[in-house]
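**Student:** What follows is a structure written as structure tokens; I'll ask about it next.
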Amino acid sequence: MQNELLQELEARGFINQASNMEALNDALNAGKIAAYWGTDPTGDSLHVGHLASLMLMRWFQKYGHKPITLVGGATGRIGDPSGRDKGRPMMTDEQIEKNCAGLRKSIAKFINFDDNQAIMVDNYDWMKNYSHLDFLRDFGTDFTVPRMLSMESVKRRLDNGMTFLEFNYMTFQAVDFLELYKKHNCILQFCGADQWGNSIMGIELVRKKLGKEVFVLSTSLITDANGNKIGKSAGNAVWVNEDKTSPYEYYQYFRNTPDDLVEKFLKIFTEIPLYEIAKLAALQGAEINHAKQVLAFAATEIAHGRDAAVAAEQASNALFGGGADMSNVPCTEIEMGTDMGILDFLVATGLFASKSEARRMVEQGGIQIDGNKITDIKYIVAVADEFMVQKGKKVFLKVIKK
């Protein structure tokens with residue numbers, strides 16, 4: 001009989017690939033298990049591209065199992081070569097710790113750690129104890145070069161200078177699985193589709209060292225409207241932590257979901273029952289906007305709480321529907337003692353990182369201030385106490401003079 005959790009995950013479209021689905025099904029039916037998902041501290045917040053795996057972990061916990069979330073303080077010092085054409089930039093210890101703290105904040109929004117219902121670990125805690133010689137003696141004979149060269153993450157990098165540092169990445173990740181099995185009886189790893197090869201190495205290491213079978217289950221990668229992977233390096237990340245993406249912007253991201261992705265996103269990013277999702281997915285024409293509103297509210301509520309979701313919804317209604325409380329529109333304060341040129345003004349608001357970016361948007365007619373379209377890059381913004389700035393069609397910001 002198919003396990004109820006696997007039924008839920010399959011119906012919601014989480015499952016991309018499993019190492020041994022039949023045996024995993026038997027293990028889940030036999031009792032509660034522990035599973036882990038890991039991420040490296042390449043940034044100080046998770047983003048929407050991470051959330052398929054994290055929401056999968058959330059469902060895993062809802063069905064009574066124990067999640068282990070791993071922040072890669074050690075693997076982050078190497079850099080995952082998967083899906084990349086060049087090596088990742090090296091980070092300082094201080095940057096790694098700052099990023100790890102930000103990731104822990106993101107994860108805690110989705111997983112309940114009260115009363116030891118879940119565990120958060122850092123692989124640096126065990127990897128730091130190995131010298132290079134110790135690591136090679138303990139694990140060097142467990143990995144063969146032909147097997148490592150067969151991995152897709154390696155093959156695509158061989159022609160453009162994969163380093164020995166990156167070549168070791170998969171061995172570190174395999175040791176993570178071994179350590180978590182020994183310490184927490186963890187028998188399952190969740191991963192994104194692009195991590196399949198690295199994760200399989202963990203299965204092989206546990207089998208060689210302990211003679212035990214463990215499992216890997218991968219999720220499909222989340223892509224944007226153009227089919228591109230969502231991620232920091234791709235430049236299209238929507239962040240989980242509110243200091244990087246406000247709850248309103250997070251809400252608007254889901255509110256603007258393309259029509260053909262609404263059902264998929266409802267299943268992955270919300271906990272709305274499947275029978276309700278089926279009704280929402282059946283809406284056609286203009287009525288599909290209701291499904292998008294439901295999606296945006298439910299996704300924002302999980303990540304930021306109900307109060308933030310209500311405020312984001314009210315702000316969206318104020319801007320696009322009229323008649324609601326404008327106090328919930330995102331707001332920032334700027335120093336403005338005198339009149340300012342439009343480009344300086346836009347950079348000061350934080351809407352743009354540079355004048356060149358602001359210039360392009362102004363020249364393209366994508367900026368309005370208090371309802372007036374600004375197309376002259378020499379336009380002067382007169383001192384005022386408050387402005388309503390619109391960037392493109394969907395981004396609004398209330399700007400207040402300090």
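FYI, it's all coordinate maths here, none of it is from the lab. For clarity, every value in this text was computed on a predicted model and none was experimentally measured. Every residue, glycine among them, receives a Cβ derived from its backbone with ideal geometry; neighbour counts consider all protein chains shown.
**Student:** Please give the direction-averaged projected area of the C-alpha convex hull for the stretch 261-402, in square nanometres with one decimal. If you can, show how the numbers build up before the last one.
**Tutor:** Numbers: hull surface 40.3 nm².
One quarter of the hull surface, i.e. the mean projection, equals 10.1 nm².
**Student:** Another question about this same structure. Below 16 Å, Cα to Cα, which lysines can Lys212 reach? Residues fewer than 8 away in the same chain don't count.
**Tutor:** Answer for Lys212, where 16 Å is the Cα cut-off: Lys182, Lys183, listed by chain and number.
**Student:** Any idea what Rg and Dmax come out to for the stretch 247-328 if you just take the C-alpha atoms, in Å?
**Tutor:** In order Rg, Dmax, the Cα atoms of the stretch 247-328 give 12.2, 35 Å.
**Student:** Using only helices, what value at 222 nm comes out for the chain when you add -39,500 (n - 2.57) per DSSP H run of length 4 or more and divide by the total residues, to the nearest 500 deg cm²/dmol?
**Tutor:** -12500 deg cm²/dmol
**Student:** I'd like to know which of Thr39, Ala311, Ala353 lies farthest towards the positive end of the charge dipole of the chain, counting +1 on Cβ of Lys and Arg and -1 on Cβ of Asp and Glu.
**Tutor:** Thr39
**Student:** Sort out for me the Cα centre separation of the stretch 233-292 from the stretch 27-52, rounded to whole Å.
**Tutor:** Measuring centre to centre over Cα atoms gives 21 Å.
**Student:** If you line up the Cα atoms of the stretch 4-219 on their principal axes, what length do they span on each, largest first, in Å?
**Tutor:** 45, 37, 31
**Student:** Under 25 °C and 0.890 mPa s, how fast does the stretch 15-117 diffuse according to Stokes-Einstein, given a Kirkwood radius computed over C-alpha pairs? Answer in µm²/s, whole number.
**Tutor:** 161
**Student:** In addition: Provide the packing ranking of 369-378, 244-253, i.e. peptides ordered by the mean count of other C-beta atoms within 10 Å per residue, highest first.
**Tutor:** Highest to lowest by the protection proxy: 244-253, 369-378.
**Student:** Hey, another quick one. Using bins 5 angstrom wide from zero, how does P(r) for the stretch 147-206 break down, in % of all Cα pairs?
**Tutor:** Histogramming the stretch 147-206 at 5 Å steps yields 4, 18, 28, 23, 14, 8, 3, 1 percent.
**Student:** Antiparallel DSSP bridges in the chain: what percent, to the nearest 5?
**Tutor:** So the antiparallel bridges in the chain amount to around 45 percent.
**Student:** Provide Rg and Dmax in Å for the stretch 331-401, with only Cα atoms included in the calculation.
**Tutor:** 10.7, 29
**Student:** What is the Cα radius of gyration of the chain over 2.2 N^0.38 Å, N being its residue count?
**Tutor:** 1.10
**Student:** Loop only per DSSP, at most 10 neighbouring Cβ atoms within 10 Å: give me the GluC sites (Glu not before Pro) in the stretch 330-364, ordered by residue number.
**Tutor:** Sites meeting the loop and neighbour criteria: Glu335.
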